[in-house]
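Reading through the structure tokens given below for one structure.
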Amino acid sequence: SKDAISALNTALVQDGILLYVPKNTILDTPIQLINLLRSDVDLMANRRLLIILENGAQAKLLICNHAVDSVNFLSTSVTEVFVGENAHFDFYEMEETHTKTTRVNNVFVRQEANSNVLLNNMTLHNGITRNTIEVKLVGEGAHIDCHGMAIEDKKQHVDNSTLIDHSVSNCTSNELFKYALNDKSTGVF
């Protein structure tokens, strides 16, 4: 459940980001975050992101996840996104790690009335990846576009799981996920 995942991540968290966009603030330039996994020994890294867009706010965020050193990495991430009324948020997350990386990524979104969110998850190179996306549309007129892609070869594995809860009427959602799998790679949706 979301609460258990969040509690475990919070207990182990080593790194965190808060993105807060006040009411009616429009960020013209996208924000880019680059996460580099670096270590001389096997490493577990736990990250927590909290993103809040107040009513009428607009922002775009790109997160790039990379692994630099050739050791075993376990990377866990919890991202919580709260989008106020009439707010717009574009969220792109890209993974380009290596075959010794296991990544467990959780994104939880809550949208108010007439909000608009674009989630775009890209897995370009990895070991084992599990992306869980849960969206709760709680205000009428809320809209979500949930997209993802994976390019896999060798023995890589990617798993994308989505849950979109239309808690009120008159909300819309679109999903589109594409996989390109080669060799012994596997993908689940």
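Listed values for the stretch 162-176 are Karplus-derived 3J(HN,Hα) couplings in whole Hz (6.51 cos²θ - 1.76 cosθ + 1.60, θ = phi - 60°), namely 10, 9, 10, 9, 7, 5, 10, 7, 6, 10, 10, 8, 10, 10, 8, and x replaces Gly and Pro.
Starting from the Cα-Cα distance between ASN174 and LYS154, subtract it from 0.36 nm times their residue separation and give me the gain in nm to one decimal. Please list the in-between numbers first.
Values: separation 20, 0.36 × 20 = 7.20 nm, distance 3.07 nm.
Taking 0.36 nm per residue and subtracting the Cα distance, the gain is 4.1 nm.
Filter the cross-link list LYS60/LYS136; LYS23/LYS178; LYS100/LYS136; LYS23/LYS136 down to pairs whose alpha-carbon distance in this structure exceeds 27 Å.
Values: LYS60/LYS136 20 Å; LYS23/LYS178 35 Å; LYS100/LYS136 33 Å; LYS23/LYS136 21 Å.
Flagged as over cut-off: LYS23/LYS178; LYS100/LYS136.
Tally Lys and Arg at +1 and Asp and Glu at -1 over the other residues with C-beta under 15 Å from the C-beta of ASN65: what net charge comes out?
Numbers: positive: ARG38, ARG47, ARG48, LYS100, ARG103, ARG130; negative: ASP15, ASP69, GLU93, GLU95, GLU96.
Once positives and negatives cancel, what remains is +1.
Between the residues LEU33, MET44, VAL168, the greatest Cα displacement towards the positive end of the dipole of the chain, with unit charges on the Cβ of Lys, Arg, Asp and Glu, is found for MET44. Highest-first packing order for the peptide set 74-83, 35-44 is 74-83, 35-44, based on the mean count of other beta carbon atoms within 10 Å.
Helical content of the chain, expressed as a calculated mean residue ellipticity at 222 nm, amounts to -2000 deg cm²/dmol (DSSP H runs of 4 or more residues, -39,500 (n - 2.57) each, divided by residue number, nearest 500).
If we count every other residue with Cβ under 12 angstrom of LEU12's Cβ, Lys/Arg +1 and Asp/Glu -1, where does the sum land?
Details: positive: ARG47, ARG48; negative: ASP15.
Around LEU12, the charge tally is +1.
Can you give the net charge of the other residues whose Cβ lies under 10 Å from the Cβ of ALA142, counting K and R as +1 and D and E as -1? Walk me through the intermediate numbers first.
Values: positive: ARG110, LYS136; negative: GLU85, GLU112, GLU140.
Computed value for this residue: -1.
Computed over protein heavy atoms with a 1.4 Å probe, the accessible surface of the stretch 106-174 works out to 38 Å² per residue.
For the chain, what does the relative contact order come out to in percent, with C-alpha contacts under 8 Å and a separation of six or more?
On the way: 550 pairs, mean separation 29.3, N = 189.
Reported as a whole number, the value is 15 percent.
Counting only protein heavy atoms and a probe of 1.4 Å, the accessible surface of the chain is 53% carbon and sulfur.
Our coupling estimate for the stretch 21-26, obtained by passing each phi through the Karplus curve with A = 6.51, B = -1.76, C = 1.60 and θ = phi - 60°, is 10, x, 3, 6, 8, 10 Hz, Gly and Pro reported as x.
The values are calculated or read from the model by the stated rules, or taken from the named source; none is laboratory data. All values derive from a computational prediction rather than experimental measurement. Glycine gets a Cβ as well: all are built from the backbone with ideal geometry, and neighbour counts include every protein chain shown. When the accessible area is computed, the model is the full protein with side chains, heavy atoms only, and any ligands, DNA or RNA have been set aside. Shrake-Rupley method; radii C 1.70, N 1.55, O 1.52, S 1.80 Å.
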